[in-house]
Amino acid sequence: MLDLYAVIGNPVSHSKSPAIHSAFALQTNQTMEYTTLLAPIDGFKAAVENFRQQGGRGLNVTVPFKLEAYQLSTRLTERARIAQAVNTLKFEGNEISGDNTDGAGLVRDIESNLLIPIAAKRVLLLGAGGAARGVILPLLQKEPALLAIANRTINKAEILQEQFIPYGKIVAGDFRQFSEEKFDIIINATSASLHNELPDLPPHIFTHAELAYDMMYNQEALTPFLKFAQQHGARQLADGIGMLVEQAAESFFVWRNVKPLTKPVIAMLKSTNKI
Ligand code: NDP
């Protein structure tokens, strides 16, 4: 029987993870199968249990279950424990190991693929949901001059600031609070682009931006955030395809102990609209 993996979420049919992991498996000669698993909104735990019973070896976890995956884990890596969110589950005997590879994926995409160092930069992170939670520690570990978190609901950003203050220089506010500040890297970790919306941002925050990065990806057109950033002076634009592949590579390593090459898979995803 093939080792079985899946991405679990709701919705999940649009996910590119099966294509990415199949490419990794082919490239590294791993015998495994990777599918999608749609869980009912109130049925995450049962769906995971059922998958384990069927011999499932590991899961990627996507919206909206990262917090539930954290709670379900019987063991946590340090980065998942601090993020309080899990995007990678590994099943070994009775143990459910939880990890979070989102942040490592984002940082690797910015530094290794886009060739933009984070150290000493002023970074603005928009959003305070599961994705933001997962990337704060890895960003702070790169020692930016400042990490500002801005969220529509300000108290969620303030909670994150309080939680992560031991790990680096971090401030919190709403979207307008930082309107007079200059940022080198501006990362959109809100889900606004998913609904074709734009967070209510002051245009001039992009004037000095070396990079505007949207975690959301859209191969047909620039996301509303990237379009706005381009119009208002951001020098380089990137969507979340690179992060998606890099976080997947990190999960693949957690499960298989093999590091796949990411660049050909990023290129493959960028070259086709239908995967
Ligand atoms: P959550 O639902 O946990 O959080 C959503 C966040 O977006 C909240 O901060 C919310 O603010 C904010 N938000 C939603 N709509 C708007 C809006 N119209 N204007 C301003 N803010 C808004 O989602 P996730 O954190 O899990 O995901 C966020 C995004 O990151 C998604 O687009 C997802 O696809 C992407 N992602 C990409 C990955 C990749 O590998 N490329 C990996 C993980 C996520 P409030 O608190 O006020 O509600």
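The values are calculated or read from the model by the stated rules, or taken from the named source; none is laboratory data. Small disclaimer: the values here were computed from a predicted structure and weren't measured. Cβ sites come from the backbone with ideal geometry, for glycine too, and all protein chains shown count toward neighbours. Surface areas here come from the heavy atoms of the whole protein model, side chains and all, with no ligands, DNA or RNA. Shrake-Rupley method; radii C 1.70, N 1.55, O 1.52, S 1.80 Å.
Which of the residue pairs K66/K156; K16/K90; K16/K156 have a Cα-Cα distance greater than 25 Å in the structure shown?
Values: K66/K156 16 Å; K16/K90 20 Å; K16/K156 29 Å.
Flagged as over cut-off: K16/K156.
Taking K and R as +1 and D and E as -1, what net charge do the other residues with C-beta under 14 Å from the C-beta of G242 add up to? Don't skip to the answer; put the middle values down first.
Numbers: positive: K16, R108, K263, K270; negative: D102, D109, E111, D214, D239, E246, E250.
Residues near G242 contribute -3 overall.
Kindly state, to the nearest 0.05, the FRET efficiency for V258 paired with Q54, given R0 = 25 Å and r defined as their beta-carbon distance. Kindly include the intermediate steps, with their values, before the conclusion.
Values: r = 24 Å, r/R0 = 0.94.
Computed FRET efficiency for V258 and Q54: 0.60.
With helices as the sole contributors, the chain gives -10500 deg cm²/dmol at 222 nm; each DSSP H run of n ≥ 4 counts as -39500 (n - 2.57), and the sum is divided by every residue. G127 sits among other residues whose Cβ lies under 10 Å from its own Cβ, and their net charge, with Lys and Arg +1 and Asp and Glu -1, is +3.
Rounded to the nearest 0.05, what FRET efficiency is calculated for V63 and E181 with R0 set to 30 Å and r the Cβ-Cβ distance? Given R0 = 30 Å and the Cβ-Cβ separation, E is 0.50. When nucleic acids and ligands are ignored and a 1.4 Å probe is applied, K142 ends up with an accessible area of around 80 Å². The Cβ shell under 14 Å around N29 holds other residues with a net charge of +1, Lys and Arg each +1, Asp and Glu each -1. Rank E78, E181, E220 by mean-square fluctuation in a GNM of the chain with C-alpha springs under 10 angstrom and give only the top-ranked residue. In the Gaussian network model the winner is E220.
Sorted by average packing, counted as other Cβ atoms within 10 angstrom per residue and highest first, what order do 62-70, 196-204 take?
Numbers: 62-70: 20.4, 196-204: 14.2.
In decreasing order of mean packing, 62-70, 196-204 become 62-70, 196-204.
DSSP beta bridges in the chain, what fraction antiparallel, as a percent rounded to 5? Before the final figure, lay out the partial values.
On the way: 8 of 41 bridges.
Bridges in the chain that DSSP calls antiparallel: roughly 20 percent.
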